[in-house]
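The values are calculated or read from the model by the stated rules, or taken from the named source; none is laboratory data. The structure presented is a predicted model; accordingly, all values stated were derived computationally and were not measured. Positions of Cβ are generated from backbone atoms using ideal geometry, with glycine treated the same way; all protein chains shown enter the neighbour counts.
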């Protein structure tokens, strides 16, 4: 097994590389960042260069494609989503042509119709409302057809809400920590809303299992546990021994968000995955 990894310098990618190193799995990363070496090939996946020869030289059996434009606050409607749709399609085609065996690509819960709240693979309708979600849904369909054409295994790992050290400092949990440290002005949250949070190490374990077990089809990477935003605020406040009311007393300016967004995880559990990091333990490491 030799895995080609894209997006290795991103939030999830860094944890994945650490895991592959720790268990001794052979891998090569592909992307713009990082010095050229035996384990990293410099390449712009959004360019029109021919990938095929590079991948043939690497001779990977498996591909884990994490790379995408995910700049916080910008990625939802960025035109770069279209560029990544095209770049991902080229990558999948080249990998399949090179004789690769299995592909895992990360998708998003933003592909689902959020009006349903509880999202089940192959049952809950897909109706994305953003360019990001639409592009992810589209590239999933393109990649699936390419893989079928070449007889290559394909798993679409649909991630819900990953968190953990190293995530963007502008996301919810790091922002809450900054408030309770006195580094940021308090802000309101939709306290009665429920989300599906999963520690990044558990996300990475699920992605790796999808590759190792050569899983197929759409697979939610989720906890399946509803967690209210008010409870997250309370946990963070308790870490600093402060009142959560400095957040919970404020109204949220974020309108139109779903009240309930959770992913069923029976598919990934069928491959032997289990959540290991509970929310209290996952949040405590931020301090």
## Note on the structure
Restricting the range 237-273 to residues that are assigned to a helix (DSSP H, G or I) and touching a helix residue (DSSP H, G or I) at 6+ places or on another chain (Cβ under 8 Å), the one farthest from residue 215 (Cα to Cα) turns out to be 246
### Considering residues of the range 95-112 that are in a helix (DSSP H, G or I) and crowded, with 19+ Cβ neighbours inside 10 Å only, the residue nearest to the chain's Cα centre (by Cα)
109
### Query
Among the numbered criteria (1) farther than 26 Å from residue 183 by Cβ; (2) in contact with a strand residue (DSSP E or B) (Cβ under 8 Å, 6 or more places away or on another chain), which single criterion is violated by residue 229?
(1)
### Summary
In the range 119-136, anything surrounded by fewer than 21 Cβ atoms within 10 Å (Cβ to Cβ) and either free of Cβ contacts under 8 Å to residues at least 12 places away in the same chain or part of a helix (DSSP H, G or I) (or both) is listed as 123, 131, 134
### Query
Consider residue 266 against the criteria (1) surrounded by 15 or more Cβ atoms within 10 Å (Cβ to Cβ); (2) within 30 Å of residue 143 (Cβ to Cβ); (3) without any contact (Cβ under 8 Å) to a residue 60 or more places away in the chain: it satisfies all of them except one. Which criterion is unmet?
(1)
### Message
So, in the range 1-24, exactly how many residues are over 21 Å from the mean Cα position of the chain (by Cα) and surrounded by 12 or more Cβ atoms within 10 Å (Cβ to Cβ)?
### Response
2
### Number of the exception - residue 231 against (1) modelled with pLDDT of 95 or more; (2) part of a helix (DSSP H, G or I); (3) surrounded by fewer than 16 Cβ atoms within 10 Å (Cβ to Cβ); (4) touching a helix residue (DSSP H, G or I) at 6+ places or on another chain (Cβ under 7 Å)
(4)
### Message
Among the residues of the range 13-38, what is the count of those that are closer than 25 Å to residue 164 by Cβ, part of a loop (DSSP other than H, G, I, E, B) and either without any contact (Cβ under 8 Å) to a residue 12 or more places away in the chain or touching a strand residue (DSSP E or B) at 6+ places or on another chain (Cβ under 7 Å) (or both)?
### Response
4
#### Entry: Condition met for residue 175 (modelled with pLDDT of 95 or more, more than 30 Å from residue 61 (Cα to Cα) and outside any helix (DSSP H, G or I))
no
### Task
Please verify whether the range 141-154 includes one or more residues that are within 16 Å of the chain's Cα centre (by Cα) and under 27 Å from residue 67 (Cα atoms).
no
### Task
State yes or no: is residue 223 farther than 30 Å from residue 267 by Cβ, part of a loop (DSSP other than H, G, I, E, B) and touching a helix residue (DSSP H, G or I) at 6+ places or on another chain (Cβ under 9 Å)?
no
#### Entry: Residue list for the range 59-89, filter: surrounded by fewer than 18 Cβ atoms within 10 Å (Cβ to Cβ) and either in a helix (DSSP H, G or I) or in contact with a helix residue (DSSP H, G or I) (Cβ under 6 Å, 6 or more places away or on another chain) (or both)
69, 76, 77, 82, 83, 86, 89
#### Entry: Check on residue 142, on the phi < 0 side of the Ramachandran plot and either in contact (Cβ under 8 Å) with a residue 60 or more places away in the chain or assigned to a loop (DSSP other than H, G, I, E, B) (or both)
no
### Message
Condition check: more than 21 Å from the chain's Cα centre (by Cα) and within 26 Å of residue 145 (Cβ to Cβ). Does residue 49 satisfy that?
### Response
yes
### Message
Suppose the filter is assigned to a loop (DSSP other than H, G, I, E, B) and surrounded by fewer than 19 Cβ atoms within 10 Å (Cβ to Cβ); does residue 276 pass it?
### Response
yes
#### Entry: Given (1) part of a strand (DSSP E or B); (2) buried (at least 20 other Cβ atoms within 10 Å of the Cβ), number of the condition residue 41 does not satisfy
(2)
